[in-house]
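Student: One structure follows; several queries about it will come next.
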Amino acid sequence: MALQSHPQPPPPSSEDKTEALDPLLHAFGFKVEEVTPHKVCGHLRVTEKSCQPFKVLHGGVSALISESLASMGAHLASGLQRVAGIHLSINHMKRAELGDLIFCEASPISVGKTIQVWEVRLWKIDPSNSGLKSLVSSSRVTLLCNMPVPEHAKDASQALKKYAKL
């Protein structure tokens, strides 16, 4: 007698993943690609939703991406304990214009018991050669870690548990 295999559901798209992990990032069109305690990365196509009036990427969107990616990584690195950003420093080096593709990566600089520091960099990808990229912004995010999770937010880690590579 042959065993019947049950079809597995398709893996979630990066759009579905982003919507579950961070609805605000999703609203701007950001797509999370990888989430681990050592690296969080994704990409954004610069659209009207993410631009300031001069049709370039809004600095606040770069800051939002930085804090969001660092927070996801720090949350995982702290064993799914609550984290809170306490300092963000960002430098904008080059503009990204409407239509540009931006690649973003967060990685830890220091993972302590109570404080973590993450570096987040955003690069503009050259449309004629995806191997070429130029730095748009670089930030450092400092997070307070290992705080107790409040009762009303006990399910806050569910999406990260589902999509993270631990």
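Values quoted throughout were computed directly from the atomic coordinates according to the rules given, and no laboratory measurement underlies them. Predicted model, so just to flag it, every value in this text is computed and none were measured. When we count neighbours, we look across all protein chains shown, and the Cβ atoms used for this are built from the backbone with ideal geometry, even at glycine.
Student: Can you list the residues, at least 5 places off or on another chain, whose amide H is less than 5 Å from the amide H of H58, using H built in the peptide plane?
Tutor: For H58, whose amide H was placed from the backbone, the distant partners under 5 Å are C51, Q52.
Student: If you take the charge dipole of the range 33-98 about its Cα centre, with +1 on Lys and Arg Cβ and -1 on Asp and Glu Cβ, which of G42, S66, N91 is farthest toward its positive end?
Tutor: N91
Student: So if each residue of separation counts as 0.36 nm, and I subtract the Cα-Cα distance between T114 and L88, what length gain in nm does that give?
Tutor: 7.7 nm
Student: Extending each Cα 7 Å along its Cβ direction at N146 and T36, get the distance between those two points in nm, one decimal.
Tutor: 2.4
Student: How far apart, in nm, are the 7 Å Cα→Cβ label points at K161 and E97?
Tutor: Inter-label distance under the simple model: 4.7 nm.
Student: Still on this structure, please answer the following. Run the dipole for the chain about the Cα centre, Lys and Arg Cβ at +1, Asp and Glu Cβ at -1, nothing else charged, and hand back the magnitude in debye, nearest 20.
Tutor: The dipole magnitude comes to about 300 debye.
Student: What FRET efficiency comes out for R45 versus A153 if R0 is 30 angstrom and r is the Cβ-Cβ distance? Round to the nearest 0.05.
Tutor: Approximately 0.45, to the nearest 0.05.
Student: May I pose another question? Quick one: 3J(HN,Hα) in Hz for the range 32-49, Karplus 6.51/-1.76/1.60 with θ = phi - 60°, rounded, Gly and Pro as x.
Tutor: With the stated coefficients, the range 32-49 comes to 6, 9, 9, 9, 9, x, 10, 6, 10, 9, x, 8, 9, 8, 5, 10, 4, 5 Hz.
Student: On to the next question. Can you tell me the alpha carbon radius of gyration of the range 64-160 divided by the globular rule-of-thumb value 2.2 N^0.38 Å?
Tutor: 1.23
Student: I need the per residue convex hull volume for the chain, using only the alpha carbons, in cubic angstrom as a whole number.
Tutor: So the per-residue hull volume is 157 Å³.
Student: I would also like to ask the following. If you bin the C-alpha pair distances of the range 25-96 every 5 Å from 0, what whole percents do you get?
Tutor: 3, 15, 24, 22, 19, 10, 5, 1, 0
Student: Okay, next question. I'd like to compare 70-76, 102-108, 123-129: which one has the highest average count of other Cβ atoms within 10 Å, and what's the full order after that?
Tutor: Highest-to-lowest ranking by the protection proxy: 70-76, 102-108, 123-129.
Student: The range 120-135 to the range 75-107: how many Å between their Cα centroids?
Tutor: The range 120-135 and the range 75-107 have Cα centres separated by 16 Å.
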